[in-house]
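Chemist: Starting off with a structure, shown below.
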Amino acid sequence: MKIEQIYTGCLAQGAYYIESNGEVAIIDPLRETQQYVDKAKKENAEIKYIFETHFHADFVSGHVDLAKKTGATIVFGPGAETDYDAYIATDNEAFKIGNITIKVLHTPGHTLESSTFLLIDEKGDNHAIFSGDTLFLGDVGRPDLAIKSDLTKEDLAGMLYESLRNKIMPLEDNIIVYPAHGAGSACGKNLSKETVGILGDQKKTNYALRADMTKEEFVEEVLDGIAPPPQYFAKNAMMNKSGYDNFETVLQKGDTELAPEVFEAIANQEDALVLDVRTEKEFVEAHIPNSIFIGIHGGFAPWVGALITDLKQPILLVTPEGKEKETVTRLSRVGYDNTLGYLKGGIKAWKDAGKDIETIESISVDEFSNRFKNGPINILDVRKDGEYKSEHLDSDAVQHFALDYINDNMNAIDTSKTYHIHCAGGYRSVIAASILKARGFDVIDIAGGFGAIKNSDLPTTAFICPSTL
């Protein structure tokens, strides 16, 4: 028996490759599926099943493409309805993979069809659970993402309570837990940085598995502090339910080099968004007018999903050399399949062609301190709510809203004012600055963000541990 976790940090997502005696099961595959086909071929094995723990909302799964490539059967838990061929399992139904068995445990709550897959080894012993978004390490899945459901989040939270108590907690303490996500995922509140754990440890440390917890307490604690889901979640869930374009076709279209003149013409003809994925330093020093920055070195795909509201938006790319295919791939993971190509030669080629270049003023914390003291100035903090409440600049000049919700807060800021923008370290503030600048706002980036501010002589509020908020 072989179990391999294939973890993708940008999405904080774990896919799984399970092999026994020449047969393979893949659980929650990524959009780019050739890696699984190649792995099975190398092992002289055949992919037999593709198990989906639920209709994922935070990424587009590769199940449809992988089934077409291999002839493997897609398996969902009870109640799932798809627009493509899939096998809908019953609760406790078992599937043989070589000498091992995978048993379906229907665990609704995160979504109605959510299921946990119990792996039973060659000896007939319970070995591991692939818990999807039902159970994370340190947390459980949020119960507010079910698509087209007439149930409330409280109803689903109650279902999740029953699923955990009746299906997960009775299992042996030594069972390995392989969740679908780790820290950084928006599918839960406080996920652990660890990506593999032991069920017994979770029974001791996971707040949601307290033995003496009532259903009412569980519902209250699970729902407390859940931020609204990113706008792309429901759209990705529908793609996973309905199907999507072939990944190789999407990649071929997007991985097309475009000379500056052609790039500019397509941008105008197609009303395309120019997405610049270089570093924030490179972007502030020189970028194409009206382009948007989301650096590929950060939490790229989730930020694209949070900020670009139309999955079908035509996109043109400015990338570091050699990162073109990776960028198109990472866009496709969250459903952005309409990439039209990338700027050949990058910004240098754009400059050499005599095209216009814009910059964003970026100042050091020392310069910001001087301006602050000689004010008045306008300051915009785009960190998350918890970060802001924990500690922020102590000044009435500070206005706050999280970058996640910048599109909903345009009316809260004034085009006649100049805004000094900061986040924690500089990545998010440049994203915000690029969006605001493209919409006509006058912006100045504070290099180093709040990390630099709190180490300066500027006044800040008393620190409050985020875990107490």
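Chemist: For His127, His297, give me the order by solvent-accessible area with a 1.4 Å probe, most accessible first, ignoring ligands, DNA and RNA. Don't skip to the end; give the middle numbers.
Modeler: Numbers: His127 50, His297 105 Å².
Highest to lowest solvent-accessible surface, that is His297, His127.
Chemist: Using a 1.4 Å probe on the protein heavy atoms, what percent of the accessible area of the range 31-171 belongs to carbon and sulfur?
Modeler: 45
Chemist: Could I ask something else about it? Run the quick spin-label model on Thr460 and Glu4: label points 7 Å from Cα toward the beta carbon, then report their separation in nm to one decimal.
Modeler: About 4.3 nm, to one decimal.
Chemist: Looking only at the range 228-387, where both bridge partners belong to it, what percent of the DSSP beta bridges are antiparallel (to the nearest 5)?
Modeler: Working: 1 of 12 bridges.
Counting only bridges with both partners in the range 228-387, antiparallel ones make up about 10 percent.
Chemist: Non-local amide H neighbours of Asp276 (under 5 Å, H modeled in plane, Pro and chain starts lacking H): which ones?
Modeler: Ile292, Phe293, Ile294, Val318
Chemist: Amide H to amide H under 5 Å from Ile97: which residues, 5+ apart in sequence or cross-chain, H placed 1.01 Å off N in plane?
Modeler: Distant-sequence amide H within range of Ile97: Ile102.
Chemist: Within the range 296-360, report the trypsin sites (Lys or Arg not before Pro) that DSSP leaves as loop and that have at most 10 other Cβ atoms within 10 Å. Intermediate results must be reported in sequence, preceding the final value.
Modeler: Working: sites: Lys312, Lys323, Lys325, Arg330, Arg333, Lys344, Lys348, Lys351, Lys355; in loops: Lys312, Lys323, Arg333, Lys344, Lys355.
Listed in order of number, the matching sites are Lys312.
Chemist: Which whole-number percentage describes the relative contact order of the range 291-382, with Cα contacts under 8 Å and a sequence gap of 6 or more?
Modeler: Values: 55 pairs, mean separation 22.6, N = 92.
Answer for the range 291-382 is 25 percent.
Chemist: Here is a further query. Take the Cα pairs of the range 1-160, get the Kirkwood Rh, then feed it into Stokes-Einstein at 10 °C and 1.306 mPa s and tell me D in µm²/s.
Modeler: Details: Rh = 15.9 Å.
After rounding, the answer is 100 µm²/s.
Chemist: Another question, if that's okay. Between Phe59 and residues 5 or more places away or on another chain, which pairs have amide H atoms under 5 Å apart, with H built 1.01 Å from N, and which residues are they?
Modeler: HN-HN under 5 Å from Phe59: empty list.
Chemist: Could I ask something else about it? Mind listing the phi-derived Karplus ³J(HN,Hα) values for the range 43-60, rounded to whole Hz, using 6.51, -1.76 and 1.60 with θ = phi - 60°, and x for any glycine or proline?
Modeler: 8, 6, 10, 10, 6, 9, 10, 10, 9, 10, 5, 4, 7, 5, 9, 8, 7, 8
Chemist: Going down the list Lys167/Lys193; Lys344/Lys417; Lys215/Lys389, which pairs span over 32 Å between their C-alpha atoms?
Modeler: Working: Lys167/Lys193 25 Å; Lys344/Lys417 36 Å; Lys215/Lys389 30 Å.
Going by Cα-Cα distance, Lys344/Lys417 fall outside the 32 Å limit.
Chemist: Hey, which of these cross-link pairs are over 24 Å Cα-Cα: Lys281/Lys437; Lys68/Lys153; Lys189/Lys281; Lys325/Lys437?
Modeler: Details: Lys281/Lys437 16 Å; Lys68/Lys153 35 Å; Lys189/Lys281 31 Å; Lys325/Lys437 28 Å.
Beyond 24 Å between Cα atoms: Lys68/Lys153; Lys189/Lys281; Lys325/Lys437.
Chemist: Here's something else I'd like to know. Can you list which of the GluC sites (Glu not before Pro) found in the range 143-192 are DSSP loop residues with at most 11 other C-beta atoms within 10 Å?
Modeler: Values: sites: Glu154, Glu162, Glu172; in loops: Glu172.
Passing both the DSSP loop test and the Cβ count: Glu172.
Chemist: A further question follows. Go through the range 230-243 residue by residue and turn each phi into a ³J(HN,Hα) via Karplus (6.51, -1.76, 1.60, θ = phi - 60°); whole Hz please, and just put x for glycine and proline.
Modeler: For the range 230-243, the Karplus curve yields x, 4, 7, 4, 5, 5, 5, 4, 5, 4, 5, 7, 9, x Hz.
Chemist: Roughly speaking, what % of Cα-Cα pairs in the range 317-376 are separated by over 18 Å, rounded to a whole number? Don't skip to the answer; put the middle values down first.
Modeler: Working: 1047 of 1770 pairs.
The answer is 59 percent, as a whole percent.
Chemist: Loop-only GluC sites (Glu not before Pro) in the range 1-92, please: DSSP not H, G, I, E or B, and at most 15 other Cβ atoms within 10 Å.
Modeler: Working: sites: Glu4, Glu19, Glu23, Glu32, Glu43, Glu46, Glu52, Glu81; in loops: Glu32, Glu43, Glu52, Glu81.
Loop-located and lightly packed - Glu43, Glu81.
Chemist: Here's another thing I want to ask about it. Through the Karplus equation 6.51 cos²θ - 1.76 cosθ + 1.60, θ set to phi - 60°, convert the phi angles of the range 317-327 into ³J(HN,Hα) values in whole Hz; use x for Gly and Pro.
Modeler: 10, 10, 10, x, 4, x, 9, 5, 5, 4, 5
Chemist: Taking the Cα-to-Cβ direction at Ala438 and at Asn99 and moving 7 Å from each Cα, how far apart do the two end points lie in nm?
Modeler: 5.5
Chemist: I need the calculated FRET efficiency for the pair Val398 and Glu248, taking r as the beta carbon distance and R₀ as 56 Å, to the nearest 0.05.
Modeler: Working: r = 48 Å, r/R0 = 0.86.
Calculated value: 0.70.
Chemist: Taking a spot 7 Å from the Cα of Asp408 along the direction of its beta carbon, which residues of the range 190-230 have an amide N less than 11 Å from it?
Modeler: 227-230
Chemist: Compute the length gained on full extension between Asp38 and Glu367: take 0.36 nm times their separation in residues and subtract their Cα-Cα distance, giving the result in nm to one decimal.
Modeler: Numbers: separation 329, 0.36 × 329 = 118.44 nm, distance 5.37 nm.
Taking Asp38 through Glu367 to full extension adds about 113.1 nm, to one decimal.
Chemist: Can you list, largest first and rounded to whole Å, the semi-axes you get for the chain by taking the square root of 5 times each eigenvalue of its Cα gyration tensor?
Modeler: Numbers: eigenvalues 340, 170, 61 Å².
Semi-axes from the Cα gyration tensor: 41, 29, 17 Å.
Chemist: Could you calculate, for the range 32-102, the ratio of the Cα radius of gyration to the Kirkwood radius, expressed as Rg to Rh?
Modeler: Values: Rg = 12.7 Å, Rh = 13.2 Å.
Result for the range 32-102 is an Rg/Rh of 0.96.
Chemist: Quick check for you: with a 1.4 Å probe and neighbouring chains kept, what is the accessible area per residue of the range 216-288, in Å²? Can you show the working numbers first?
Modeler: Numbers: 3600 Å² over 73 residues.
The answer is 49 Å² per residue.
Chemist: Here is a further query. Can you list the residues of the range 188-211 with backbone N under 14 Å from a point 7 Å past the Cα of Glu172, pointing along Cα to Cβ?
Modeler: What the label zone holds, given the 14 Å backbone N cut-off, is 199-200.
Chemist: Follow-up question, since we're still on this one. Among DSSP beta bridges whose residues both lie in the chain, state the antiparallel percentage, nearest 5. It would help to have the intermediate numbers written out before the result.
Modeler: Numbers: 32 of 71 bridges.
Once the DSSP bridges in the chain are tallied, antiparallel ones form about 45 percent.
Chemist: Evaluate the charge dipole of the chain about its Cα centre and quote only its size in Debye, nearest 20, assuming +1 on the Cβ of each Lys and Arg and -1 on the Cβ of each Asp and Glu.
Modeler: Details: 46 positive and 72 negative charges, 98 e Å.
Using Cβ point charges on Lys, Arg, Asp and Glu, the chain gives about 480 debye.
Chemist: Sticking with this one: Any idea how far apart Tyr87 and Lys204 come out in nm if each label point goes 7 Å out from Cα toward Cβ?
Modeler: Those two pseudo-labels are separated by 3.9 nm.
Chemist: Another one. Straight-line reach from Lys96: which aspartates and glutamates have a Cα under 17 Å away, not including same-chain ones fewer than 8 places off?
Modeler: Result set, ordered by chain and number: Glu19, Glu23, Glu46, Glu52, Asp121, Glu122, Asp125.
Chemist: What whole-number value in Å² describes the accessible area per residue of the range 298-365 for a 1.4 Å probe?
Modeler: Working: 2690 Å² over 68 residues.
Spelled out: the 1.4 Å probe surface of the range 298-365, per residue, equals 40 Å².
Chemist: What does the charge count around Thr256 come to, taking other residues whose C-beta lies under 12 Å from its C-beta (Lys +1, Arg +1, Asp -1, Glu -1)? Provide the component values of the computation, followed by the final result.
Modeler: Numbers: positive: Lys253, Lys325, Lys344; negative: Asp255, Glu257, Glu324.
My count for the surroundings of Thr256 gives 0.
The values are calculated or read from the model by the stated rules, or taken from the named source; none is laboratory data. Not measured: the values here are computed from a predicted model. Every residue, glycine among them, receives a Cβ derived from its backbone with ideal geometry; neighbour counts consider all protein chains shown. Surface accessibility is based on the protein's heavy atoms, side chains included, excluding ligands, DNA and RNA. Shrake-Rupley method; radii C 1.70, N 1.55, O 1.52, S 1.80 Å.
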